[in-house]
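No lab work stands behind these numbers, since they all come straight from the coordinates. If you're wondering where the values come from, they're calculated on a predicted model, not measured in any experiment. Positions of Cβ are backbone-derived with ideal geometry, glycine not excepted, and every protein chain shown enters the neighbour counts.
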Amino acid sequence: MKLFDVYPLFSIEPVRANGSWLWDKTGQRYLDLYGGHAVISIGHSHPHYVKRLKEQLDKIGFYSNSVQNPLQEKLAEKLGQLSGYTDYQLFLCNSGAEANENALKIASFETGRKKIIAFSKAFHGRTSGTVAATDNAKIVAPFNANHDITFLPFNDKAAFKSTINNEVAAVIIEGIQGVGGIHVPTSDFLQLISTECKKHGALLILDEIQSGYGRTGKFFAHQHANIKPDIITTAKGMGNGYPVGGVLIQPGIKPWHGMLGTTFGGNYLACAASLAVLEVIESEKLIDNAAELGKYWTEKLLSFPIISEVRGLGLMLGFDLPDSNKTLRKDLLGKHFIFTGEAKPNTVRLLPSLALKKEEADLLIEAMAVELEKTVSA
Ligand SMILES: Cc1ncc(COP(=O)(O)O)c(C=O)c1O
């Protein structure tokens, strides 16, 4: 059988990883400033994480959601404590798209409505409702296209105010847009959305799948704007590579048996991985590290004449390349063995482990200095 060929692949085969580093099968070492799409939060193969998973596997790896699993409660408690959402409820699932799909479903159940507001350049996943709420017609199949979604311009308060009404079930927005190119919603915009949702009985869903788990220097990116959404979704950094997603639900929304469900969600290994992540984030003060290194990197990046703006917060940063330097990302990987991310058409995205060290951050700046100096003098 052949693989269904949907991914353009680098010809690199990683066989080992540690902290912010990967090694391929030839022994070449790579600096990972992308974390496999923002997934590696505490660093590759962190010893506490590995130990927690191995110990759990020796005890019990899986049973379904029909028996008591106190690890789920421990995880909910720890997540509530670190995020500040102690009174919210947690539904565990397996991926980002699944978290958002469930969030949209909860909002629709709760309001009895089906209209959703999303924003330009949004990415929320590839399941039916989430891909319909994603601003990329190319990946929306006819089967997915019948949802009632309105796309509004990002950060446009007037457009939002004139569109929200009492028929809207939910507004879904990323804490910081990732796939769209690292675009930060202004605090004003988020505050207006929050107020208007309350006024019209619509629920506010904050997609923190990429921007959450300490990446921006607060547990969730929306906490920079001092708002409290009804529903918050998480995945990516939550399991540091173990597939896990979560939906945080405000206390006023009442569950009923059978309302949601999943076979794998919240299994023992997923909980052990997620607990290990939170324990390391706390004990190694990784949220502070993300905030500090984000400021440091931004300052250094802005010293390159070709970079006029660095968008994002903490260790979720993006900058645009002019046409003259379009090959930078390719050169960083091919010549300096540094993984970075991209957003079409010309944005470089930095999404490293939150345990990145200053010396590692400097390696990017040094490599860029070599490449950009060459371009300038060429
Ligand atoms: C903001 C956001 N939401 C949802 C998703 C979908 O997550 P997953 O690929 O785990 O389904 C992504 C993935 O890139 C994302 O960045």
Taking the range 205-233 and keeping only residues that are more than 10 Å from the ligand (Cβ to nearest atom), in contact with a strand residue (DSSP E or B) (Cβ under 8 Å, 6 or more places away or on another chain) and polar (S, T, N, Q), one is left with 216
Residue hits (the range 120-146; more than 10 Å from the ligand (Cβ to nearest atom) and surrounded by 17 or more Cβ atoms within 10 Å (Cβ to Cβ)) are 121, 128, 129, 132, 135, 140, 144
Sole miss for residue 151 among (1) closer than 22 Å to residue 106 by Cα; (2) aromatic (Phe, Trp, Tyr); (3) within 15 Å of the ligand (Cβ to nearest atom) is condition (3)
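So is residue 162 buried (at least 21 other Cβ atoms within 10 Å of the Cβ) and either away from the ligand (no atom under 16 Å from the Cβ) or farther than 27 Å from residue 37 by Cα (or both) or not? Explain how you work it out, then say what you get.
Working: buried (at least 21 other Cβ atoms within 10 Å of the Cβ): no; either away from the ligand (no atom under 16 Å from the Cβ) or farther than 27 Å from residue 37 by Cα (or both): yes.
So residue 162 fails the test.
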Checked pairs for the range 241-270, first closer than 13 Å to residue 65 by Cβ, second assigned to a loop (DSSP other than H, G, I, E, B) and within 16 Å of the ligand (Cβ to nearest atom), C-beta under 6 Å and 6 or more apart or across chains, list as 264/94; 265/94; 270/244
